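**Q** Provided herewith is a single structure, encoded as structure tokens, for subsequent inquiry.
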Amino acid sequence: MMDLKNSSTVTNFILVGFEQSSPSTRKMFFALFLTLYSLAMAMNGLIIFITWTDPRLNSPMYFFLGHLSFLDVCFITTTIPQMLVHLVVKNHNVSFASCLMQMYLVFGVGVAECILLAFMAYDRYVAICHPLSYAQIMSQQVCVRLVGTAWFFGMINGILLDYMTFRGPFCRDNHIENFFCEAPIVITLSCGDQQFSLMVIFADAVVVLLSPMVLIVISYARILASILGRASSSGRGKTFSTCTSHLTVVIFFYTSAMFSYMNPRSTHGPDKDKPFSLLYTIITPMCNPIIYSFRNKEMKGAMMRSLGRTSPAKADSV
């Protein structure tokens, strides 16, 4: 990596972000994003706390949910604090190493979240379609291995994509038209073989995004078939209600990620990239705990108990 840096005329990057906005607009953005970041950290932190400490949430679904919130905390902390600083200071420089590390964490955590969402769909499939064998199939040891697998492939994937992004020398403009180091944008600043790097990242996105998506689709197809085979319509609604939160989160996350990494760069631009980058870096991590808490009675009861707003007996009746 040191040889790569020495062969390059670019030793730092400038994150353009919202630099071209007026001072009043940047102040408004700072207040808005600080509020959203604080809410995301507080909500995800609360879910992590209650899923790991409340004995009434001692099930694989909440075990995965706690780790999903932890991934969301890691994800937003990798990008948003830096953006907030750049909204109030004039120096938007980031070092070569800092950009590389930020990109690695974004890739690693993002891929781990994709895989974890697929495992969560599989968990719902086992719970609904094989309830009698659920405890044996989704044992604690299996759940730990699944979460470890998500982290492992995320971190390995981050190394690959970091290498493909920074493998060539950088001797062009060092301005990144976004608020964080996003791979497709950084590659366009390289003097090396941009097309090959972009093709590898596109292929990787296809595998990383579509492979978990296939597992999610198969899981919910079997869940739907199982639900439709039941006689009671009320039973169908109650069963499928446990899946709607997860499906909503999947749609939010995958839509923004696919637009960012599976579309041709010719269709992109700062006005298109930034909104989708904001969607999957801060809006989705903030919405995840809200979606799960408002659509899940057990989560609402646990939150109320944790916050001390209701007695345990009353919380159970929520």
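The values are calculated or read from the model by the stated rules, or taken from the named source; none is laboratory data. Since we're looking at a predicted model, the values are computed, not measured. Note that each Cβ is placed from the backbone with ideal geometry, even for glycine, and that neighbours are counted across all protein chains shown. Calculation scope for accessible area: heavy atoms of the full protein, side chains included, ligands and nucleic acids excluded. Shrake-Rupley method; radii C 1.70, N 1.55, O 1.52, S 1.80 Å.
**Q** For segment 202-216, take each phi angle, set θ = phi - 60°, evaluate the Karplus expression 6.51 cos²θ - 1.76 cosθ + 1.60, and give the result in whole Hz per residue in order, putting x for glycine and proline.
**A** 4, 5, 5, 5, 4, 5, 5, 8, 7, 4, x, 5, 4, 4, 5
**Q** Measure off, as a whole percent, the carbon and sulfur share of the 1.4 Å-probe accessible area of segment 192-231, all protein chains present.
**A** Exposed carbon and sulfur together represent 75 percent of the surface.
**Q** In addition: Around Ile176, which amide H atoms from residues at least 5 apart in sequence, or from another chain, sit under 5 Å from its own amide H, with H modelled in the peptide plane?
**A** Ile14, Leu15, Val16
**Q** Right, here's the next one. Which ³J(HN,Hα) values, rounded to whole Hz and listed in residue order, are derived for segment 247-258 from phi using the Karplus coefficients 6.51, -1.76 and 1.60 in 6.51 cos²θ - 1.76 cosθ + 1.60 with θ = phi - 60°, glycine and proline given as x?
**A** Karplus values, whole Hz, x for Gly and Pro: 4, 5, 4, 4, 4, 4, 5, 6, 4, 5, 5, 5.
**Q** Per residue of segment 35-48, what does 6.51 cos²θ - 1.76 cosθ + 1.60 with θ = phi - 60° give for ³J(HN,Hα)? Whole Hz please, x for Gly and Pro, Karplus curve as stated.
**A** 5, 5, 5, 5, 5, 4, 5, 5, 5, 5, x, 5, 5, 4
**Q** Asn91: net charge of surrounding residues, Cβ under 15 Å, Lys/Arg +1, Asp/Glu -1, itself excluded?
**A** Summing Lys/Arg as +1 and Asp/Glu as -1 gives +1.
**Q** What order, most packed first, do the peptides 184-194, 90-100 have when packing is the mean number of other Cβ atoms within 10 Å of each residue?
**A** Highest-to-lowest ranking by the protection proxy: 184-194, 90-100.
**Q** Could you give the nm distance between label points at Lys27 and Ile218, where each point is 7 Å from its Cα heading toward the beta carbon?
**A** Once both label points are built, they end up 5.6 nm from each other.
**Q** Just to confirm, what accessible area per residue do you get for segment 102-184 at 1.4 Å probe, in whole Å²?
**A** Heavy-atom SASA per residue in segment 102-184 reads 40 Å².
**Q** How do the peptides 208-217, 173-182, 135-144 rank, highest first, by the average count of neighbouring beta carbon atoms within 10 Å per residue?
**A** My ranking of the peptides, most packed first, is 173-182, 208-217, 135-144.
**Q** Taking the Cβ of Met155 as the centre, find all other residues whose Cβ is under 15 Å away and add up their charges (Lys, Arg: +1; Asp, Glu: -1).
**A** -3
**Q** At 1.4 Å probe size, put Cys114, Cys129 in order of accessible surface, largest to smallest.
**A** Cys129, Cys114
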